[in-house]
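> Provided herewith is a single structure, encoded as structure tokens, for subsequent inquiry.
Derivation of every value follows stated rules applied to the coordinates shown; laboratory data play no part. Since we're looking at a predicted model, the values are computed, not measured. Cβ coordinates were reconstructed from backbone atoms using ideal geometry, including for glycine residues, and neighbour counts include every protein chain displayed.
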């Protein structure tokens, strides 16, 4: 039996860095490249477990920060872990809570020991250190858990980025020590997170030193924080050459369909992003022929599916005109139907890429995808 | 082939007025007694068509007033009717719009010709007469449509109630004339509505004179408007003795589980009510062992289904603790899951009653139901 978090490389594209693989977890195996829908508070917003299963989502993500504050670890422990609690009996990943805490500008204080912060819910004071983050994530019980790091803000001076990256390295070591204190490694995997902002030497140093500590997989963090798309791609390029081939690579918080293609081309295996659900709730759908804002008046009498090439429940069952009506009438079903479609779109996108890697036609399929995606039908 | 709206009596209880029947419509046959979930704006709030099909809902209701104002008849006509528009390709019923218009206190003016009112959406002025209501409901295209009447407010003086009932009679005649102007009768059925407030002689007069006009089915209106439960049951008793056995009887806007039992006992076949969805969105669930307000703190660590004797998707998949978390975290999935459970509860309730009528054990089964329903488990 493989260790939780272990990566198997199935096929390497001959054309680029893209690769087909599998990530083993205690609750099931994930086919990569994979898109992970985000269940911020333990639940992918507006979707039921049944709908996620029908969508064939293989793994979902939850935010430790949110779960820790509400319902709290006591409830999660009593229920027997997050997957018992939310009845998603399949692979899950939790982030460390760091990203949310560092977003609480003015409500948090960073020290080497850890971070003090105030809850966004009730203003209560809390302290999280690398050790406490591990304890929290062990209690939550997801299959893959993440090191507690400082997500370096953008823009950052070289000096800030360097100090921040080195702090994250120290914290990573402490995370690993805490993680291996008991036998959690048998049912959970700990991934390290590479930082270093947009600076090549810092990304290299972080990538190499994280490997010295040795983790089950590696994430590229500190992206999708305001940098340009070009900078984000450079960060991947700077980093990925120093990452081992035999472990999973996870680009945190990304992204848009175009980002996913570019990142997979460079060798990324795992993605998560709130965009499919957040934009869905705002009326934006991703389709084969580009983005559609279903709230626009032009759709009020368009009796055709959102995406003519999609076979999700929303596209099989409903027209643009009806979805437009649901949004205008403030029916929450609109949020569900667009979130469902957008997640289906992202999952289908990764299936298309997997197939392209399998048949070694990455660039041809990519070109076909964008010919349609950028042509308004 | 039977006429749309035709009622077949399958079995009459030997114990009380309860009866088992079928209502034929162009889009399918409905087993009665039946509970009709309400899709105010064409959509049962927070539930998808797929979820309603899984719930085995046989017929849903929509409000003409809402559909008329938004998306408007032009869109509905272009789409090919409401069931093409909302992709609910099964029986539907529309009300006349009267109930909503008469609720717009201060925004409407009643004349014999019809009612002037202002839209609650944008304040625009509109006029609806019996003839216009028929035209609207024909354009919407539901299988069963309702006469335009004045829903007599409660309390009403005898004189007000009498004049109001007589106005509704005149309007009913005009509705029928308009309805039969073309061949809509082949695909739609028109039901009359009995008014008369809480006054026995007025209810009798209304019931008999409506039959002189002759409709496909008869509704008891002007209930669930603030009267006591005892008064409502008396209204049913006053009225139902004068209704024909060979036509469906529909109690409008009712109700709670206890009301449904009492009304079926007196011979009612059809019900609609927003309570399962509205209360669901507020956190109230109907269960075999009574009502549960899932937002209460006592449920935060109850790792058991809402209703131990329910096999709906919500009860199969989720615990009270998780539903409590979803409500506290303001996840709209909470609305969906409780609405789904509550509609399942009402549909299951009518199945239980159907079975009790079939086996002629109405009072035994009713007693068993309430022994549980009123015992907090």
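> Quickly estimate the mean residue ellipticity at 222 nm for chain A, helices only: each DSSP H run with n ≥ 4 gives -39500 (n - 2.57), and the total goes over all residues, rounded to 500. Intermediate values should be presented prior to the final figure.
On the way: 15 runs with 156 residues, N = 377.
Taken over chain A, the calculation gives -12500 deg cm²/dmol.
> Continuing with this model, one more query. Treating the angle as unsigned and between 0 and 90°, give the value, to the nearest 10°, between the Cα long axis of helix B:333-358 and the longest Cα principal axis of chain B.
80 degrees
> For chain B, with a Gaussian network of springs between Cα atoms less than 10 Å apart, report the residue from B:201, B:122, B:143 with the top mean-square fluctuation.
With Cα springs under 10 Å in chain B, the top fluctuation among B:201, B:122, B:143 is at B:122.
> At R0 = 25 Å, how high is the FRET efficiency between residue A:361 and residue A:9 if r is their beta carbon distance? Nearest 0.05 is fine.
E(calc), rounded to 0.05, equals 0.85.
> Taking other Cβ within 10 Å of each residue's Cβ, how do B:178, A:159 sort, fewest first? Could you put the intermediate results ahead of the total?
Details: B:178 21, A:159 8.
Placing the least packed residue first, the sequence is A:159, B:178.
> Hey, another quick one. Please compute the contact order of chain A in relative form: average sequence separation of alpha-carbon pairs under 8 Å and at least six residues apart, divided by the residue count, as a percent. Before the final figure, lay out the partial values.
Values: 755 pairs, mean separation 69.1, N = 377.
Once normalised by length, the contact order is 18 percent.
> For residue B:352 and residue B:107, compute 0.36 nm times the residue count separating them, minus their Cα-Cα distance, and round to one decimal in nm. List each step's numbers first, then the result.
Numbers: separation 245, 0.36 × 245 = 88.20 nm, distance 4.28 nm.
Full extension from residue B:352 to residue B:107 adds 83.9 nm.
> A further question on this structure: Test of understanding: in a Gaussian network model of chain B with alpha carbons linked when under 10 Å, which of B:39, B:97, B:106 would top the mean-square fluctuation ranking?
Between B:39, B:97, B:106, it is B:106 that shows the largest mean-square fluctuation.
> Which angle from 0 to 90°, rounded to the nearest 10, does the C-alpha axis of helix A:158-179 make with the longest principal axis of chain A?
Tilt of helix A:158-179: around 80 degrees.
> So, one more: What distance in nm lies between label points placed 7 Å from Cα along the C-beta direction at residue A:56 and residue A:70?
Result for the modelled spin labels: 3.6 nm.
> Is segment B:134-177 rounded, prolate or oblate when judged by the Cα gyration tensor, a ≥ b ≥ c being the square roots of its eigenvalues, rounded requiring a/c under 1.5 and prolate requiring a/b larger than b/c?
Working: a/c = 4.31, a/b = 2.21, b/c = 1.94.
Prolate is the answer for segment B:134-177, as a/c is 1.5 or above and a/b outweighs b/c.
> Which residues among segment B:226-266 fall inside the zone where the amide N is under 17 Å from a point 7 Å beyond the Cα of residue B:293, along Cα→Cβ?
No residues fall inside that zone.
> Quickly work out the residue B:159-to-residue A:181 label distance, labels modelled 7 Å from Cα along the C-beta direction, and quote it in nm with one decimal.
Here the answer is 8.4 nm between the modelled labels.
> Next question. Given segment A:158-229, report the % of alpha carbon pairs whose separation exceeds 21 Å. Display every interim value, and only then the final one.
Working: 705 of 2556 pairs.
Counting pairs separated by more than 21 Å, the tail of P(r) holds 28 percent.
> Below 8 Å between Cα atoms, with a sequence gap of 6+, how large is the relative contact order for segment B:281-373 in percent?
Numbers: 115 pairs, mean separation 27.8, N = 93.
The normalised contact order for segment B:281-373 reaches 30 percent.
> Please say if chain B is rounded, prolate or oblate, where rounded means a/c under 1.5 for a ≥ b ≥ c the square roots of the C-alpha gyration tensor eigenvalues, and otherwise the choice is prolate for a/b larger than b/c and oblate otherwise?
Taking the square roots of the gyration eigenvalues as a ≥ b ≥ c, chain B is prolate.
> With viscosity set to 0.890 mPa s at 25 °C, what whole-number translational diffusion coefficient in µm²/s follows for segment A:5-65 from Stokes-Einstein and a Kirkwood radius over Cα pairs?
Numbers: Rh = 13.1 Å.
Answer from the Stokes-Einstein relation: 187 µm²/s.
> Can I ask one more? Any chance you could get the radius of gyration and Dmax over the Cα atoms of segment B:281-373, in Å?
Values for segment B:281-373 (Cα only, Rg and Dmax): 14.3, 47 Å.
> I've got another one for you. How much length, in nm to one decimal, is gained on full extension between residue A:77 and residue A:120, taken as 0.36 nm per residue of separation minus their Cα-Cα distance? Before the final figure, lay out each step's value.
Working: separation 43, 0.36 × 43 = 15.48 nm, distance 2.28 nm.
The residue A:77-residue A:120 span can extend by a further 13.2 nm.
> If you take every DSSP beta bridge fully contained in the protein assembly as shown, what fraction is antiparallel? Give it as a percent rounded to 5. It would help to have the intermediate numbers written out before the result.
Values: 42 of 89 bridges.
Within the protein assembly as shown, antiparallel bridges account for around 45 percent of the total.
> In whole angstrom, how far apart do the alpha carbon centroids of segment A:312-377 and segment B:1-69 sit?
Centre-to-centre distance over Cα atoms comes out at 34 Å.
> Going by Cα centres, segment B:185-201 and segment A:164-222 are how many Å apart?
Value for the Cα centre distance between the two parts: 73 Å.
> Sticking with this one: For segment A:77-236, take N as its residue count and report Rg(C-alpha) divided by 2.2 N^0.38 Å.
Numbers: Rg = 15.8 Å, N = 160, 2.2 N^0.38 = 15.1 Å.
Segment A:77-236 yields a ratio of 1.05.
> With a Förster radius of 35 Å, plug the Cβ-Cβ distance of residue B:27 and residue A:376 into 1/(1 + (r/R0)^6) and report the FRET value to the nearest 0.05.
Working: r = 37 Å, r/R0 = 1.06.
About 0.40, to the nearest 0.05.
> Within 10 Å of each residue's Cβ, count the other Cβ atoms and sort B:333, B:20, A:104 from fewest upward.
So the residues, fewest neighbours to most, are A:104, B:20, B:333.
> Compute the helix-to-body angle for B:130-140: its Cα long axis versus the longest principal axis of chain B, expressed 0 to 90° and rounded to tens.
50 degrees
> Another question, if that's okay. Please report the projected area of the protein assembly as shown's Cα convex hull averaged over all directions, in nm².
Working: hull surface 140.1 nm².
That works out to 35.0 nm².
> Right, another one. For A:286, A:303, what's the fewest-to-most ordering of other Cβ within 10 Å of each Cβ?
Working: A:286 26, A:303 15.
With the sparsest Cβ surroundings first, the list reads A:303, A:286.
> Hey, another quick one. Length gain on complete extension for the stretch residue A:282 to residue A:301, per 0.36 nm per residue less the alpha carbon to alpha carbon distance? Display every interim value, and only then the final one.
Numbers: separation 19, 0.36 × 19 = 6.84 nm, distance 1.98 nm.
So the chain would gain 4.9 nm between residue A:282 and residue A:301.
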